[in-house]
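I'd like to ask you about the structure that follows.
The values are calculated or read from the model by the stated rules, or taken from the named source; none is laboratory data. Note that this is a predicted model, so its numbers are computed, not measured. Cβ sites come from the backbone with ideal geometry, for glycine too, and all protein chains shown count toward neighbours. Accessible surface is based on the protein model in full, side chains and every heavy atom, while ligands, DNA and RNA are left aside. Shrake-Rupley method; radii C 1.70, N 1.55, O 1.52, S 1.80 Å.
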Protein chains: 4
Amino acid sequence: MGLAFDAAGLGAYLQEVFAEVANDFVIDRLDEDGITMRLLVDERHLRPGGTISGPSMFGLADVTVYALVLSQLGRKALAVTTNASFDFMRKPVGGTPLVAEGKLLKLGRQLAVGDVLLFSEGDPRPVARSTMTYAIPPER
Amino acid sequence: MGLAFDAAGLGAYLQEVFAEVANDFVIDRLDEDGITMRLLVDERHLRPGGTISGPSMFGLADVTVYALVLSQLGRKALAVTTNASFDFMRKPVGGTPLVAEGKLLKLGRQLAVGDVLLFSEGDPRPVARSTMTYAIPPER
Amino acid sequence: MGLAFDAAGLGAYLQEVFAEVANDFVIDRLDEDGITMRLLVDERHLRPGGTISGPSMFGLADVTVYALVLSQLGRKALAVTTNASFDFMRKPVGGTPLVAEGKLLKLGRQLAVGDVLLFSEGDPRPVARSTMTYAIPPER
Amino acid sequence: MGLAFDAAGLGAYLQEVFAEVANDFVIDRLDEDGITMRLLVDERHLRPGGTISGPSMFGLADVTVYALVLSQLGRKALAVTTNASFDFMRKPVGGTPLVAEGKLLKLGRQLAVGDVLLFSEGDPRPVARSTMTYAIPPER
């Protein structure tokens, strides 16, 4: 099955439906194997000691899996997060973009599950991992 | 064991160590049974459709468990979140304070585990639940 | 809304649809507020040091939430577990029944979410907590 | 850093410390990148409809991460599971070995985190994913 968007098309669509946050994120790669997204780290994402806040990591993981779902389903912005799990393993570096590598593990009729590793750009050790479940409302 | 802080003292301490976010939160109750915290919902916590963003819910759950850990351990601001799980069950109401009811399930030497239910004020059905684990660094 | 079963009726129904494991469990209480289930701990549930195995704790938490879903939906044995989270907080006592206190946090059309605390009988400190999500297949 | 065991040595060590369950599992591969373990599916792992039980999947994921921790730390059997998350995505095939692909995401002084995908042998789509955290007791 082909993707419903390429990286540029998906970025434009996120701008359209999710304008509040779309400017914080860049899609570096989108293909059949998954997605690479990047949080453009700004002062408001930081915590004392120059690390990146938990809510900012949550936001990046969540938009990464949402983008994966949209890349398969196309212009159905209705999927909602129902479950999230996180392991925070290392301190992200504050002054460095936070990069998410995501892939879909399942795309069913009712549920989609995506897996994300977060990295401080340039360091191969993950700072966090997350799995997100999205519920896909039944077609009307 | 007595608490290291009362609600007002803990609120002041959060202001001191966590100034970036402390103004978003109010402690309504702190006692041996747990804590009630409230997110003062502002435009930047919202999402289209007037609901509250996932990162804002993450932030409230996280600060709730952090506050519980501090209320027991006192002025040790070093505990770090290592794991988080979330179930998002209902849409929170955007114009309404988001209220967290938290309690500690475990306070060990290395790990503390806290459980949180989130509510839209005035509705008894939880919008989300979360469990957070904090690692407590060994004393030097 | 009334329950579809009382404790005895639900126990009998579990025997009918889940015979392999139903003999391991007893329902102590079932009412609108939740359920109390008990694992009748047997040699095969144990681990070295006389503690109860992780799979046995998983099984008790899972059957507890399944029973809660059945108590609401009646004879629809088709719900399947889609997500589980666990925090293991203390060592359960091997020679003692393991007791689960469960309650439903959400019963939607597609998803049900239940929360469980596990205790070694007679000790008020939880040995583990779990949340389970069940997907409810659409009616045909 | 080299591994403390090769696959055969680790299998023998698991037999020594974990005899109750070690006969259910085979280590197919152990190297710096991770581990492949296999559950030798037996009648007692099954559920109606010929699928594999949740507790059996829990057990395989748990022993997989435990084996990864041991492969790094050597003969320190004291690590204990503190957190587990699961997404169950497809029905495993009952008559087929269940295969786990595991890797360590973090090995710290206090905590180790491992990630596992479970497959029905011969099908590339994962039936489940799990993350497990082990706490490593401080050296005495």
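Whether any residue in the range A:39-48 is touching a Leu at 6+ places or on another chain (Cβ under 9 Å) and over 19 Å from B:Pro55 (Cα atoms) is what I want to check.
No, every residue in the range A:39-48 fails to be touching a Leu at 6+ places or on another chain (Cβ under 9 Å) and over 19 Å from B:Pro55 (Cα atoms).
Being of a type in the set (Gly, Ala, Ser) and within 22 Å of B:Asn23 (Cβ to Cβ) narrows it down to one residue among B:Ala79, B:Ala112; which is it? If you could, list the steps in order and put the result at the bottom.
On the way: B:Ala112 fails: within 22 Å of B:Asn23 (Cβ to Cβ).
Within the list B:Ala79, B:Ala112, the selection yields B:Ala79.
Continuing with this model, one more query. Restricting to the range C:62-87, name every residue that is assigned to a loop (DSSP other than H, G, I, E, B), among the hydrophobic types (A, V, I, L, M, F, W, C) and closer than 17 Å to C:Gln15 by Cβ. Outline the logic, then answer.
Initially, the range C:62-87 is screened for residues assigned to a loop (DSSP other than H, G, I, E, B), giving C:74-79.
Adding the requirement that they be among the hydrophobic types (A, V, I, L, M, F, W, C) leaves C:77-79.
C:Ala77 - this is the single residue of the range C:62-87 that is assigned to a loop (DSSP other than H, G, I, E, B), among the hydrophobic types (A, V, I, L, M, F, W, C) and closer than 17 Å to C:Gln15 by Cβ.
Here's another thing I want to ask about it. Determine, yes or no, whether C:Arg29 is out of contact with any Leu (no Cβ under 9 Å at 6 or more places or on another chain), part of a strand (DSSP E or B) and either closer than 26 Å to A:Asp87 by Cα or open to solvent by 50 Å² or more (accessible area, probe 1.4 Å) (or both).
Yes: the conditions hold for C:Arg29.
Answer yes or no as to whether B:Phe119 is without any contact (Cβ under 8 Å) to a residue 40 or more places away in the chain, under 25 Å from A:Glu20 (Cβ atoms) and hydrophobic (A, V, I, L, M, F, W, C). First the steps, then the outcome.
Numbers: without any contact (Cβ under 8 Å) to a residue 40 or more places away in the chain: yes; under 25 Å from A:Glu20 (Cβ atoms): yes; hydrophobic (A, V, I, L, M, F, W, C): yes.
Judged against the criteria, B:Phe119 is a match.
So D:Arg38 fits all but one of (1) in contact with an Asp or Glu (Cβ under 6 Å, 6 or more places away or on another chain); (2) at pLDDT below 95; (3) among the charged types (D, E, K, R); what number is the exception?
All conditions pass for D:Arg38, except number (2).
If you don't mind, there's one more thing I want to ask. Has the range C:5-15 got any residue that is in contact with a strand residue (DSSP E or B) (Cβ under 9 Å, 6 or more places away or on another chain), surrounded by 14 or more Cβ atoms within 10 Å (Cβ to Cβ) and at the interface with chain D (Cβ under 10 Å from one of its Cβ atoms)?
No, the range C:5-15 contains no residue that is in contact with a strand residue (DSSP E or B) (Cβ under 9 Å, 6 or more places away or on another chain), surrounded by 14 or more Cβ atoms within 10 Å (Cβ to Cβ) and at the interface with chain D (Cβ under 10 Å from one of its Cβ atoms).
What do you reckon, is D:Glu20 without any contact (Cβ under 8 Å) to a residue 40 or more places away in the chain, within 24 Å of D:Met89 (Cα to Cα) and either surrounded by fewer than 19 Cβ atoms within 10 Å (Cβ to Cβ) or among the aliphatic types (A, V, I, L, M) (or both)?
Against the criterion (without any contact (Cβ under 8 Å) to a residue 40 or more places away in the chain, within 24 Å of D:Met89 (Cα to Cα) and either surrounded by fewer than 19 Cβ atoms within 10 Å (Cβ to Cβ) or among the aliphatic types (A, V, I, L, M) (or both)), D:Glu20 does not qualify.
Something else about it: Mind counting the residues in the range D:36-59 that are open to solvent by less than 20 Å² (accessible area, probe 1.4 Å) and at the interface with chain C (Cβ under 9 Å from one of its Cβ atoms)?
So the count comes out to 6.
Moving on to the next point. Pairs please, first residue from the range A:33-61 and in a loop (DSSP other than H, G, I, E, B), second anywhere and crowded, with 23+ Cβ neighbours inside 10 Å, Cβ atoms under 7 Å, 6+ apart in sequence or on different chains.
A:Val41/A:Ile52; A:Val41/A:Leu98
Determine which member of the set D:Gly59, D:Gly49 is modelled with pLDDT under 95 and not β-branched (Val, Ile, Thr).
On the way: D:Gly59 fails: modelled with pLDDT under 95.
The match here is D:Gly49.
Output the residue which, of all residues in the range A:114-132 that are facing chain D (nearest Cβ under 10 Å) and open to solvent by 10 Å² or more (accessible area, probe 1.4 Å), is farthest from A:Val26 (Cα to Cα).
Out of the qualifying residues, it is A:Arg125.
Using the structure shown, decide if C:Val65 is touching a Lys or Arg at 6+ places or on another chain (Cβ under 6 Å), buried (at least 19 other Cβ atoms within 10 Å of the Cβ), modelled with pLDDT of 95 or more and of a type in the set (Val, Ile, Thr).
Numbers: touching a Lys or Arg at 6+ places or on another chain (Cβ under 6 Å): no; buried (at least 19 other Cβ atoms within 10 Å of the Cβ): yes; modelled with pLDDT of 95 or more: yes; of a type in the set (Val, Ile, Thr): yes.
Considered against the rule, which asks whether it is touching a Lys or Arg at 6+ places or on another chain (Cβ under 6 Å), buried (at least 19 other Cβ atoms within 10 Å of the Cβ), modelled with pLDDT of 95 or more and of a type in the set (Val, Ile, Thr), C:Val65 comes out as no.
Any chance you could count how many residues in the range B:68-104 are surrounded by 22 or more Cβ atoms within 10 Å (Cβ to Cβ) and within 10 Å of chain C (Cβ to nearest Cβ)?
Number of matching residues: 7.
Could you give every pair whose Cβ atoms fall below 8 Å, whose first residue belongs to the range D:90-113 and is touching a residue at least 60 places away in the same chain (Cβ under 8 Å), and whose second residue is buried (at least 19 other Cβ atoms within 10 Å of the Cβ) and aromatic (Phe, Trp, Tyr), counting only separations of at least 6 or pairs across chains?
Qualifying pairs under 8 Å: D:Leu98/D:Phe119; D:Val99/D:Phe119; D:Ala100/D:Phe119; D:Glu101/D:Phe119.
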